[in-house]
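A.B. asks: Below are the structure tokens for one structure; questions will follow.
The values are calculated or read from the model by the stated rules, or taken from the named source; none is laboratory data. Only a predicted model underlies this, so the values are computations on that prediction, with no experimental measurement involved. Cβ atoms come from the backbone with ideal geometry, glycine included; neighbour counts cover every protein chain shown. To get the accessible areas, we keep the full protein, side chains included, count just its heavy atoms, and leave off ligands, DNA and RNA. Shrake-Rupley method; radii C 1.70, N 1.55, O 1.52, S 1.80 Å.
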Amino acid sequence: MSEDASTAPPVVGAVAAQPNFTTDAQADLATAHSAVAAVDQAVDKGKVQLDKGSAADLIKAIGDARDRVSDLYTAVRDQLDIPLQFGDNWVGRSISRRLREVAVGDHESAVFVIREFLDVLEDVEATVRQASESTANTDEDLAHTMGGKR
């Protein structure tokens, strides 16, 4: 008697794939970079206007977040970039090396993701500043054109 797939017993010990923090975070950061780039293009085309007061409030909030992430990045980078001691044998050294790579290694490390988030915040701040300056320049040009003071 043969079993079909619907009556086959489950595989013992099978583990469902778990989401990977850095992979998920990098996907989110790529989306954020794209969104910031789209807003930046809209600013360049004059489609985004931001008054000086709103821009100042937004820039302060972004700056505060950027400073916190920068502090976190510095602290985490320095605290995680240390060799771990799991024993003076090949297994202990292998575990230590792998955990260190996950923490502070290449572009898939947690520290790299934090640095990328910092870059996104810096891009957002630059875009907000540009939008504010663009609006101010447009207002000045309009005032000058209409005979107002420059």
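A.B. asks: If you check Phe112 against the conditions, is it assigned to a helix (DSSP H, G or I), modelled with pLDDT under 90, open to solvent by 40 Å² or more (accessible area, probe 1.4 Å) and not aliphatic (A, V, I, L, M)? Spell out how you get there, then give the answer.
C.D. replies: Values: assigned to a helix (DSSP H, G or I): yes; modelled with pLDDT under 90: yes; open to solvent by 40 Å² or more (accessible area, probe 1.4 Å): yes; not aliphatic (A, V, I, L, M): yes.
Yes, satisfied.
A.B. asks: Are there any pairs, at least 6 apart or on different chains, whose C-beta atoms fall under 9 Å, with the first in the stretch 117-134 and within 18 Å of Ala42 (Cα to Cα) and surrounded by 17 or more Cβ atoms within 10 Å (Cβ to Cβ) and the second at pLDDT below 90 and among the charged types (D, E, K, R), and if so, which?
C.D. replies: Here the result reads Asp123/Asp40; Thr127/Asp40; Gln130/Asp40; Gln130/Asp44; Ala131/Asp40; Ser132/Asp51; Ser132/Lys52; Ser134/Asp44, each pair linking the stretch 117-134 to a residue that is at pLDDT below 90 and among the charged types (D, E, K, R).
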